[in-house]
1. Once the other residues with Cβ under 15 Å from the Cβ of Ser24 are scored (Lys, Arg +1; Asp, Glu -1), what is the net sum?
2. If you fit an axis through the alpha-carbon atoms of helix 2-15 and take the longest principal axis of the Cα set of the chain, what angle between them do you get, 0 to 90°, nearest 10?
3. May I ask for the net charge around Val120, where only other residues with Cβ less than 10 Å from the Cβ of Val120 are counted and Lys, Arg are +1 while Asp, Glu are -1?
4. In square angstrom, rounded to the nearest 10, how much accessible surface does Phe59 have for a 1.4 Å probe?
5. May I ask you to derive the FRET efficiency for Arg74 and Ala115 from their Cβ-Cβ distance with R0 = 41 Å, giving the value to the nearest 0.05?
6. Let me know the Rg and Dmax you get for the chain when you use only its Cα atoms, in Å.
7. Calculated from DSSP H runs of 4 or more alone, at -39500 (n - 2.57) each and per residue, what is the 222 nm mean residue ellipticity of the chain, nearest 500?
8. Which value, to two decimals, describes the C-alpha radius of gyration of region 35-79 once divided by 2.2 N^0.38 Å?
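The values are calculated or read from the model by the stated rules, or taken from the named source; none is laboratory data. All of these numbers come straight from a predicted model, not from anything done at the bench. Cβ placement follows ideal geometry from the backbone for every residue including glycine, while neighbour counts extend to all protein chains displayed. Please note that ligands, DNA and RNA were not included when accessible areas were found on the heavy atoms of the full protein model with its side chains. Shrake-Rupley method; radii C 1.70, N 1.55, O 1.52, S 1.80 Å.
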Amino acid sequence: ADRALRQATEQLASRLPNAKKAESGVLYQITKEGSGAPVTPGQNLTMKYKGSLLNGTVFDDSDMHAPLQFQVGRGQLIPGFDSQALEMKKGEKRTIAIPPELGYGSRGVPGVIPANSWLVFELELLDVK
């Protein structure tokens, strides 16, 4: 486990060199500042995203389908994604790295996301309603 953690730490450092750590344990890096009021729980967000594993393998990309629409702060998404969405403002872009316990944990997603995987998402908040 130590080797896996060390490897993860190195990969995270190369992908998010200026990351800050949220209280939740998610690492985040704002790449474009948004504007307007902070998001509040229950609002409907439209989010572009690209999800990848630490090694760069992309497992989902909203450019391949429609942007994600969801009610933020209602537990509809994995905890690390939901908690970071609440920190964003419209127009903001941020890259986040979600530890396994705030993602898909030891179950993973069969055939897509291995067990105990860190997940990296590039997010862009398009709209807030």
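1. Values: positive: Lys20, Lys21, Arg94; negative: Glu23, Asp82, Glu87, Glu101.
For residues surrounding Ser24, the net value is -1.
2. Helix 2-15 sits at roughly 40 degrees to that axis.
3. Numbers: positive: Arg15, Lys50; negative: Glu122.
Cβ neighbours under 10 Å give a net charge of +1.
4. 50
5. Values: r = 26 Å, r/R0 = 0.64.
Efficiency at R0 = 41 Å is approximately 0.95.
6. 14.1, 44
7. Working: 2 runs with 21 residues, N = 129.
-5000 deg cm²/dmol, from helical runs alone.
8. Details: Rg = 12.6 Å, N = 45, 2.2 N^0.38 = 9.3 Å.
In units of the 2.2 N^0.38 Å rule of thumb, it is 1.34.
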